[in-house]
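One structure is given below, encoded as structure tokens.
Here, each number is a calculation from the coordinates, and none is a lab measurement. Keep in mind it's a predicted model, so treat the numbers as computed, not measured. Quick reminder, even Gly has a Cβ in these numbers, built from the backbone with ideal geometry, and neighbours come from all protein chains shown.
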Amino acid sequence: MIITIDGPAGAGKSTAAKLLAKKINFQFLDTGAMYRAVAFAALKTGAPTFDEPFLQKIIDGITINLLEGRVLLNGQDVSMQIRAKETTEIAGVIATSKVVRTKLVELQRIAAFEKNMVCEGRDQGTTVFPDAFCKFFLTARPEMRAQRRFLELQEKGINTTLQEILDAIITRDQRDENREISPLTPAHDAMILDTSDMNMNKVIEVMHEEIQRRGIK
């Protein structure tokens, strides 16, 4: 059984997905980490540009495994490295690649096959799992999302400014919403939650109530 949580950067979908999965005893699939892993692999080559033939070679030559909150790229734990600013920026660009999205959608479906899983991302309810049992789309005002990401990065010791993050979020939103392949948009049957003025406990409460209404305790 699949539950999807989609939304833009900083809306709280990753945290919500982890907490919801724990609450209902489902597994959790962090699809964003998969795109970051591909971006990290591409950056490691030192190539100046990432065209489709190049990305095809990258995606054909790597293995990505998500294991208990860790991200393994070709067997190496890169959980921390893929959260770096440069990798995050490149991941957003690579996410527009047809070859990368095609391959990762395939891997995501394999990972969730015959499992009870909460899957978070930007196209889980629209493209990857259109027949999911329950779909959510989390959003929030850009300024609020930037503030959340700023605090998150500060806690990790990553230096940046609030304005830089806000600019990056707005750019990413525009790119995700306007890309040709799997654009960022709520599924027609998704519950949309604006988390701008909601704490995470309330977000989980609302989602859990909806899931219970559909028969999962």
note = Rounded to the nearest 0.05, FRET efficiency between residue 114 and residue 175 (Cβ-Cβ, R0 35 Å) equals 0.55
inquiry  = Show me the GluC sites (Glu not before Pro) within the range 17-93 that DSSP assigns to loop and that have at most 11 other Cβ atoms within 10 Å of their Cβ.
reply    = 68
remark   = Residues 77, 30 in order from fewest to most other beta-carbon atoms within 10 Å are 77, 30
ask   = In the range 30-115, what is the volume of the convex hull around the alpha carbon atoms, normalised per residue and reported in Å³?
value = 88
remark   = Expressed in angstrom and ordered largest first, the alpha-carbon extents of the range 104-217 along the principal axes are 43, 33, 26
task = Can you tell me the alpha carbon radius of gyration of the chain divided by the globular rule-of-thumb value 2.2 N^0.38 Å?
result = 0.98
message = Please report the spacing between the Cα centers of the range 32-83 and the range 88-157 in Å, no decimals.
response = 15
ask   = Out of every Cα pair in the range 134-189, what percent are spaced more than 17 Å from each other?
value = 48
note = Sorted on mean Cβ neighbours within 10 Å (highest first), peptides 48-55, 103-110 come out as 103-110, 48-55
Point-to-point label distance, residue 98-residue 199, nm (Cα→Cβ direction, 7 Å offset) = 4.8
inquiry  = Suppose R0 equals 25 Å. What FRET efficiency, 1/(1 + (r/R0)^6) with r the Cβ-Cβ distance, do residue 77 and residue 155 give to the nearest 0.05?
reply    = 0.75
key: Beta bridges by DSSP in the chain, antiparallel share as percent, to the nearest 5   = 25
query = Separation between the residue 1 and residue 44 pseudo-spin-labels, each 7 Å from Cα along Cα→Cβ, expressed in nm?
reply = 3.8
